[in-house]
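> Pasting a structure here, questions to come.
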Amino acid sequence: MPLILYFSTRHPAPLRESIIKNIKFSDAASAIVFSDAIFHGLVECGLDFMNINIPPVGYWPIMNRRFQLPTEHCVEQGREVWNVGATNLYVYQNWSISWHTYRTIKKVLKGEPTTCLVYAINPSIINAILKYRKKYAPQTKIVLIIPDLIEDMYDGHTLKSKLKLWMQGDIEGIYRQMDGFVYLTEQMQGKTKSDKPYCIVEGIYDKSSDKYVEPDFNIEEKIVFYSGKLEKKFGARLLVDAFCKITDEKVRLVLCGSGDSVEYVLQRAAKDKRIIFKGQIPRDEVLRLQAKARLLVNPRTPEGEFTRYSFPSKNIQYLASGIPTLIYRLEGIPEEYYNYCMSIDGEKLSAEELSKKMQEALAMSSDVCRQMGQAARHFVLEKKNAKEQSQKIIDLINEIQER
């Protein structure tokens, strides 16, 4: 079997500290978590692979302190890791990543064919692989993991968004050159217009990074909790409006994160002292606050076509917390998840409906909350862990290699 290369976008453990200390701010947290979980899952499954990692570090000088990132080699969990360097100058960074990735592939493969598993639609990385395949090894196979569609990431409304779209190039041309896909939702297959083999991995819970904090259902105050992007399109304003319709003075809404709705949250909090905004805080603190909650809410509604092609990773994190979770029904969420949480039909999108459902959840006894939360946690840990989900990817790779 040819050597398998996994192209990730994460912070390898042996290099993590040196990478993070130079990052001023980053918006790649969810990508790092998913990419990392796949790495750990492939290791747990016993797959022999090499990791070529392109760390999301942002550009110099606004996002990163380093103008030049060196290529480094390390070993993590018995697997060789090449952490690809680049010149972190905006726009030029993409070309630099592609060039250094190509050089690294040449160095480790020496002209031999391979199977490449690539996390996310990153033309800088994919074009480097395509260049190697064309020049040295036509038998090389490429499997693309698509956590997000490009058109959902960049809407083209702002100058920055238009520039990002332009830099992506011919995405449909990239799809045509792939040998297989890993989708988050079944609906994504229609977007790539490809008949190549694929599998569905909607999300992964990585037990290796599980910082479980035991929920406390004996707290007198009943806390509704939300952490993540406070964006209007993700339902942040809807959640605040729905909470304000609850009259119980012992109920609190605690929110953590940032986004275009922060000012809206602050305005509502100034009028309703039960709303507590914590801003962006470290993950450990988020988990400590979360453990005091009676209910976790993901207010992302099915409004907008992008919801058909996404699975909110927050849902898995929430279910793993052991705390009752309330979500909207989305096309991209497999039906089995609704057995372990409370949900709202896609037609019931008003603040009144969400408020009513939250009040029903808050009325449950501590014992019912504990039982519901633990059933959800068990489901995620047993069925959606890194090993179980990554095995689907390995089975796909084996199918493609046998063709």
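> Measure nothing fancy, just the Cα-based angle from helix 29-44's long axis to the longest principal axis of the chain, in degrees from 0 to 90, nearest 10.
For helix 29-44, the angle is close to 60 degrees.
> Relative to the longest principal Cα axis of the chain, at what angle does helix 123-135 sit, 0 to 90 degrees, rounded to 10?
Here the helix axis deviates by roughly 30 degrees.
> In the chain, what percentage of the DSSP-assigned beta bridges are antiparallel, given to the nearest 5? Please report the intermediate quantities before stating the final value.
Details: 8 of 54 bridges.
The antiparallel proportion sits near 15 percent.
> Also, I was wondering about something else. If R0 is 30 Å, what FRET efficiency do you get for Leu3 and Lys193 from their C-beta distance, rounded to 0.05?
That pair, Leu3 with Lys193, gives E of 0.50.
> So if each residue of separation counts as 0.36 nm, and I subtract the Cα-Cα distance between Phe277 and Lys131, what length gain in nm does that give?
47.7 nm
> Then there's this: Go ahead and run the numbers for FRET between Glu399 and Trp99, Cβ-Cβ distance against an R0 of 22 Å, rounding to 0.05.
0.10
> Hey, another quick one. Take Leu266, Leu296 and sort them by solvent-accessible surface of the protein heavy atoms, 1.4 Å probe, largest at the top.
On the way: Leu266 75, Leu296 0 Å².
Highest to lowest solvent-accessible surface, that is Leu266, Leu296.
> Using the structure shown, select from Lys233/Lys278; Lys273/Lys348; Lys314/Lys357; Lys134/Lys229; Lys273/Lys383 the pairs with a Cα to Cα distance greater than 29 angstrom.
As for pairs spanning more than 29 Å Cα to Cα, those are Lys134/Lys229; Lys273/Lys383.
> Trp99: accessible area at probe 1.4 Å, nearest 10 Å²?
Only protein atoms counted, so the area is about 100 Å².
> Return the calculated 222 nm mean residue ellipticity for the chain, to the nearest 500 deg cm²/dmol, obtained by summing -39500 (n - 2.57) across DSSP H runs with n ≥ 4 and dividing by the residue count.
-11500 deg cm²/dmol
> Which whole-number percent is the relative contact order of the stretch 247-381 (Cα, under 8 Å, 6+ apart)?
Relative CO of the stretch 247-381 lands at 22 percent.
> Additional query: Please compute P(r) over all alpha-carbon pairs of the stretch 5-138, binned at 5 Å starting from zero, and give each bin as a whole-number percent.
Whole-percent P(r) values from 0 Å outward: 2, 10, 21, 24, 22, 13, 6, 2, 0.
> Another one. Could you give the angle, 0 to 90 degrees to the nearest 10, between helix 366-383's Cα long axis and the longest principal axis of the Cα atoms of the chain?
For helix 366-383, the angle is close to 10 degrees.
> Of Phe49, Val368, Phe379, which is farthest towards the positive pole of the chain's charge dipole, taken about the Cα centre with +1 and -1 on the beta-carbons of Lys, Arg and Asp, Glu respectively?
Phe49
> For the stretch 1-100, give the share of DSSP beta bridges that are antiparallel, in percent and rounded to the nearest 5; count only bridges with both residues there. Display every interim value, and only then the final one.
Values: 8 of 17 bridges.
Around 45 percent antiparallel, to the nearest 5.
> Give me the percent relative contact order of the chain, please, defined on Cα pairs under 8 angstrom at least 6 residues apart.
15
> When only C-alpha pairs under 8 Å and at least 6 residues apart count, what is the relative contact order of the stretch 58-127, in percent?
24
> Let me make sure I get this right: for the stretch 228-304, a, b and c are the square roots of the gyration tensor eigenvalues over alpha carbons, sorted descending. Under 1.5 in a/c it's rounded, otherwise prolate if a/b > b/c, else oblate. Which is it? Could the numbers behind the result be given before it?
On the way: a/c = 1.33, a/b = 1.04, b/c = 1.28.
Here the stretch 228-304 falls in the rounded category.
The values are calculated or read from the model by the stated rules, or taken from the named source; none is laboratory data. Everything numeric in this text was worked out from a predicted model, so none of it was measured. Glycine also receives a Cβ, built like all others from the backbone with ideal geometry; neighbour counts cover every protein chain displayed. In case anyone asks, the SASA skips ligands and DNA or RNA and just uses the protein heavy atoms, side chains included. Shrake-Rupley method; radii C 1.70, N 1.55, O 1.52, S 1.80 Å.
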